[in-house]
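Trainee: If you scroll down you'll find the structure; I have some questions about it.
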């Protein structure tokens with residue numbers, strides 16, 4: 001099956017220069033990767049391997065030191081492209097706005113008419129199980145619900161590419177599984193390409209069509225695993241013996257890399 | 001020296017230089033301001049001749065006498081108040097209002113109570129300084145991580161040992177912020193009182209010199225006060241920075 | 001919310017009772033030579049307000065304070081936002097602001113007098129320089145401490161610089177900015193009054209200084225009470241809103 005290429009990273013690398021000293025830290029790459037239109041792609045890797053940097057490169061929040069990133073055939077050079085939505089790991093709700101205003105934030109800027117906006121926001125609120133909280137403030141909600149608000153805020157913009165940076169990292173395991181189900185449903189409904197960064201192997205194994213495994217810093221793609229799940233799936237596939245095989249394969253590729261980055265972290269602190 | 005530090009020095013030098021030029025060209029007249037180099041020369045002469053030594057000694061001694069008790073009393077009061085949420089809620093508006101009130105209005109009352117010597121001035125400086133220490137120490141105690149207090153309890157430390165062995169050290173950077181403000185406020189109290197009614201001290205000499213258009217005494221004295229307060233604060237600031245670094249673990 | 005308001009009211013009354021009791025005790029211990037009792041002061045204050053003498057001074061002080069506060073807010077916020085945005089400028093100027101914050105500004109009054117002369121501009125300047133620095137420092141830290149993820153959210157939506165300030169940075173920084181304005185309010189007030197005490201021939205500060213010089217204890221106590229009541233009322237209201245804004249976070 002050869003689908004249309006939606007995002008392409010070609011020889012992408014990123015280095016930082018430290019503020020205090022003149023040493024250059026090679027954080028990422030080079031990476032070559034193509035995301036197919038409409039696929040669910042997950043990235044796992046040891047902490048500090050540059051996963052989040054990769055996401056920021058695709059989002060246009062930072063620019064590559066070498067290589068190029070293309071979205072829908074056009075190059076992204078630190079410019080934020082239209083049609084891309086990002087959900088961050090941290091709580092990105094605006095604490096001074098109600099839930100409704102938070103979700104409406106991007107739409108208001110897009111100058112859609114009021115009826116359309118209201119309709120989209122109402123549907124997102126219902127879909128994300130936030131009914132009854134529209135006029136609440138984020139501080140009155142649980143962490144899981146706040147993250148749903150952020151997802152809803154991204155979805156109402158109808159992005160063609162959704163980037164998620166460990167969106168469930170702060171949630172407990174049960175909530176994560178359920179949020180995973182919702183994410184799969186949203187992905188099927190929206191038809192968008194999803195790029196998910198996670199440190200949880202089971203999350204990647206359950207959600208993604210393909211999983212990229214990254215090395216310790218400077219992060220490179222070690223392996224790309226096809227899960228072969230059907231499009232219609234949910235968290236119950238954890239019972240499937242293939243789920244265990246995929247998770248085990250991920251851990252085999254990652255174990256050594258994780259130990260490397262743990263050693264590095266131990267030495268630096 | 002960092003790049004920002006160099007810029008800072010350049011800016012300050014440039015500013016002083018600009019004033020110097022404006023004074024020398026007469027754009028700023030002599031009655032308004034002395035040229036900066038004159039201030040320095042006058043200051044050196046004043047210190048060499050010792051003409052103001054008594055005034056300088058009096059003001060700085062009184063400031064120290066106000067400052068040190070303010071720190072001790074301020075910290076102890078904060079530690080004592082900290083557990084009593086209710087009392088603090090009642091006192092909060094008082095703290096919030098305190099620095100908007102001209103505390104100098106109480107100077108005559110203090111003179112009647114303590115006589116027209118140094119005591120009412122010292123008390124005024126103390127009164128101004130102590131509240132800054134209390135407010136900032138309480139602020140710091142509020143931010144002590146819960147887990148540290150729990151650790152102290154697990155180690156079966158008593159309330160006093162917890163306060164002085166765990167909570168105050170953890171709150172130290174905030175206490176230091178209060179101490180820095182206390183330096184300024186004790187000086188404000190002493191010098192302000194000397195402006196209003198006094199038989200000596202730097203404040204008295206400044207206002208005497210002002211009334212006699214004696215810029216050769218007024219500007220050097222003002223400069224000296226600024227140098228002393230900025231100097232003490234910079235030293236405390238360095239200490240504060242070290243504490244903060246230790247706290248953030250970098 | 002209701003219970004909170006009631007508690008605040010009870011606390012305020014309690015504080016009022018405590019201060020009045022302490023005052024009365026002080027009066028009993030030191031007598032008429034040093035101070036007046038709360039009742040005497042209240043009576044004199046009423047008399048003062050029913051007379052003509054105080055009104056022009058009150059108006060003068062209020063006008064000076066209003067202008068000084070406006071200046072302090074505008075200049076302080078501008079400096080704060082500029083430094084909050086510009087890391088390098090902040091590195092250069094922050095230590096200077098902190099140093100200026102820490103100097104006993106009261107010693108500068110002769111310089112301001114020589115620059116502005118005796119009158120309105122001198123005391124407005126004195127009030128404003130007391131207020132500018134805390135407002136600038138609080139605003140700078142508030143802008144700097146806006147969580148990066150909120151800014152990134154704005155970037156993803158392609159917000160322009162102006163819109164970023166208006167719809168993300170400002171509201172996110174508002175609680176801390178408000179605290180800065182609250183502190184700035186207090187310090188501008190004291191600055192204006194000190195300016196009037198030392199560099200003016202009108203206004204409540206001038207009256208206060210005069211009362212100190214002439215040992216007019218009635219006037220002294222009444223003026224102090226008026227100023228404290230004004231400052232306390234404003235502080236309590238501002239503190240209330242400060243807490244309300246912070247509670248949302």
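The values are calculated or read from the model by the stated rules, or taken from the named source; none is laboratory data. If you're wondering where the values come from, they're calculated on a predicted model, not measured in any experiment. FYI the Cβ positions are ideal-geometry reconstructions off the backbone, even for glycines, and counts take in every protein chain you see.
Trainee: Being within 13 Å of chain B (Cβ to nearest Cβ), assigned to a helix (DSSP H, G or I) and at pLDDT below 90 narrows it down to one residue among C:185, C:198; which is it?
Mentor: Exactly one of C:185, C:198 is within 13 Å of chain B (Cβ to nearest Cβ), assigned to a helix (DSSP H, G or I) and at pLDDT below 90, namely C:198.
Trainee: Among the candidates C:66, C:73, C:22, C:39, which residue alone is in a helix (DSSP H, G or I), within 22 Å of residue C:236 (Cα to Cα), more than 13 Å from chain B (Cβ to nearest Cβ) and without any contact (Cβ under 8 Å) to a residue 24 or more places away in the chain? Step through it out loud before you land on a result.
Mentor: On the way: C:73 fails: without any contact (Cβ under 8 Å) to a residue 24 or more places away in the chain; C:22 fails: more than 13 Å from chain B (Cβ to nearest Cβ); C:39 fails: within 22 Å of residue C:236 (Cα to Cα).
None of the other options fit; the residue is C:66.
Trainee: Next up: So residue A:80 passes all but one of these: (1) on the phi > 0 side of the Ramachandran plot; (2) facing another protein chain (nearest Cβ under 8 Å). Which condition number does it fail?
Mentor: The number of the failed condition is (1).
Trainee: Being over 16 Å from residue A:159 (Cβ atoms) and either in contact (Cβ under 8 Å) with a residue 60 or more places away in the chain or within 10 Å of chain C (Cβ to nearest Cβ) (or both) is the filter here; which residues of region A:90-101 pass it? Working first, answer last.
Mentor: Going residue by residue through region A:90-101, those that are over 16 Å from residue A:159 (Cβ atoms) are A:90-91, A:93-101.
Result: A:90, A:91, A:93, A:94, A:95, A:96, A:97.
Trainee: If I ask for residues that are at pLDDT below 85 and within 16 Å of the chain's Cα centre (by Cα), which ones from region B:195-236 would you list?
Mentor: Those that are at pLDDT below 85 and within 16 Å of the chain's Cα centre (by Cα): none in region B:195-236.
Trainee: Could we say that residue B:193 is under 25 Å from residue B:63 (Cα atoms) and more than 12 Å from chain C (Cβ to nearest Cβ) here?
Mentor: Details: under 25 Å from residue B:63 (Cα atoms): yes; more than 12 Å from chain C (Cβ to nearest Cβ): no.
No; evaluated as a whole, the condition is false for this residue.
For (1) under 29 Å from residue C:45 (Cβ atoms); (2) within 10 Å of another protein chain (Cβ to nearest Cβ); (3) under 16 Å from the mean Cα position of the chain (by Cα), each residue gets a yes or a no:
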| position | (1), (2), (3) |
| --- | --- |
| C:175 | no, yes, no |
| C:226 | yes, no, yes |
| C:230 | yes, yes, yes |
| C:235 | yes, yes, yes |
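Trainee: Which one of C:213, C:191, C:205 is surrounded by fewer than 22 Cβ atoms within 10 Å (Cβ to Cβ) and assigned to a helix (DSSP H, G or I)? Write out each step before concluding.
Mentor: Values: C:191 fails: surrounded by fewer than 22 Cβ atoms within 10 Å (Cβ to Cβ); C:205 fails: surrounded by fewer than 22 Cβ atoms within 10 Å (Cβ to Cβ).
Result: C:213 is the single residue among C:213, C:191, C:205 that is surrounded by fewer than 22 Cβ atoms within 10 Å (Cβ to Cβ) and assigned to a helix (DSSP H, G or I).
Trainee: Given the criteria in contact with a helix residue (DSSP H, G or I) (Cβ under 7 Å, 6 or more places away or on another chain), in a helix (DSSP H, G or I) and within 12 Å of another protein chain (Cβ to nearest Cβ), does residue C:81 qualify?
Mentor: In short, no.
Trainee: Does residue B:97 satisfy the condition of being more than 28 Å from residue B:197 (Cβ to Cβ), at pLDDT 85 or above, surrounded by 15 or more Cβ atoms within 10 Å (Cβ to Cβ) and assigned by TED's automatic domain parsing to the domain that holds residue B:240? Even if it seems obvious, please write down each step before you answer.
Mentor: Values: more than 28 Å from residue B:197 (Cβ to Cβ): no; at pLDDT 85 or above: yes; surrounded by 15 or more Cβ atoms within 10 Å (Cβ to Cβ): yes; assigned by TED's automatic domain parsing to the domain that holds residue B:240: yes.
In short, no.
Trainee: Something else now. Where residues in region C:110-163 are more than 14 Å from chain B (Cβ to nearest Cβ), free of Cβ contacts under 8 Å to residues at least 12 places away in the same chain and not in a helix (DSSP H, G or I), which of them is nearest to residue A:151 (Cα to Cα)?
Mentor: Looking at the filtered set, the residue picked out is C:157.
Trainee: Then there's this: As an exercise: evaluate residue B:146 against (1) in contact (Cβ under 8 Å) with a residue 60 or more places away in the chain; (2) over 30 Å from residue C:209 (Cβ atoms) and give the number of the one condition it does not meet.
Mentor: It is condition (1) that residue B:146 fails.
Per-residue answers, yes or no, for (1) surrounded by 21 or more Cβ atoms within 10 Å (Cβ to Cβ); (2) facing chain C (nearest Cβ under 9 Å); (3) in a helix (DSSP H, G or I):
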position: B:101; (1), (2), (3): yes, yes, no
position: B:105; (1), (2), (3): yes, yes, yes
position: B:108; (1), (2), (3): yes, yes, yes
position: B:121; (1), (2), (3): yes, no, yes
position: B:125; (1), (2), (3): yes, no, yes
position: B:128; (1), (2), (3): yes, no, yes
position: B:134; (1), (2), (3): yes, no, yes
position: B:137; (1), (2), (3): yes, no, yes
position: B:144; (1), (2), (3): no, no, no
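Trainee: Right, next: Please verify whether region B:237-247 includes one or more residues that are free of Cβ contacts under 8 Å to residues at least 60 places away in the same chain, in a helix (DSSP H, G or I) and crowded, with 19+ Cβ neighbours inside 10 Å. Working first, answer last.
Mentor: Within region B:237-247, the subset free of Cβ contacts under 8 Å to residues at least 60 places away in the same chain is B:237-238, B:241-242, B:245-246.
Filter again for in a helix (DSSP H, G or I), leaving B:237-238, B:241-242, B:245-246.
Going one step further and asking which of them are crowded, with 19+ Cβ neighbours inside 10 Å, we end up with none.
Taking every residue of region B:237-247 in turn, none turns out to be free of Cβ contacts under 8 Å to residues at least 60 places away in the same chain, in a helix (DSSP H, G or I) and crowded, with 19+ Cβ neighbours inside 10 Å.
Trainee: Across region A:189-243, what is the total count of residues that are over 29 Å from residue A:29 (Cβ atoms) and assigned to a helix (DSSP H, G or I)?
Mentor: Looking only at region A:189-243, we keep the residues that are over 29 Å from residue A:29 (Cβ atoms), and these are A:189-191, A:230-243.
Retained after the next criterion (residues that are assigned to a helix (DSSP H, G or I)): A:189-190, A:235-239, A:241-243.
The number of residues fulfilling the criteria is 10.
Trainee: For region B:37-61, which positions are buried (at least 18 other Cβ atoms within 10 Å of the Cβ) and either outside the structural domain of residue B:220 (by TED's automatic domain parsing) or assigned to a loop (DSSP other than H, G, I, E, B) (or both)?
Mentor: Selection gives B:52 alone.
Trainee: Need the failing condition index for residue B:17 against (1) within 14 Å of another protein chain (Cβ to nearest Cβ); (2) within 21 Å of residue C:115 (Cβ to Cβ); (3) surrounded by fewer than 17 Cβ atoms within 10 Å (Cβ to Cβ), just the number.
Mentor: Condition (1) is where residue B:17 drops out.
Trainee: Within region B:201-234, restricting attention to residues that are part of a loop (DSSP other than H, G, I, E, B) and touching a residue at least 60 places away in the same chain (Cβ under 8 Å), which residue is nearest to residue C:113 (Cα to Cα)?
Mentor: Step one: of region B:201-234, the residues part of a loop (DSSP other than H, G, I, E, B) are B:201, B:212-214.
Then keep just the ones that are touching a residue at least 60 places away in the same chain (Cβ under 8 Å); that gives B:201, B:213.
Values: B:201: 21, B:213: 12 Å.
Taking the candidates together, the pick is B:213.
Trainee: Can you work out which of the residues in region A:102-134 that are within 14 Å of chain C (Cβ to nearest Cβ) and either buried (at least 18 other Cβ atoms within 10 Å of the Cβ) or at pLDDT 90 or above (or both) is nearest to residue C:247 (Cα to Cα)?
Mentor: Here the residue is A:102.
Trainee: Which of the numbered conditions does residue C:56 fail, given that it passes all the others? Conditions: (1) more than 14 Å from chain B (Cβ to nearest Cβ); (2) over 25 Å from the mean Cα position of the chain (by Cα); (3) over 25 Å from residue B:90 (Cα atoms).
Mentor: (2)
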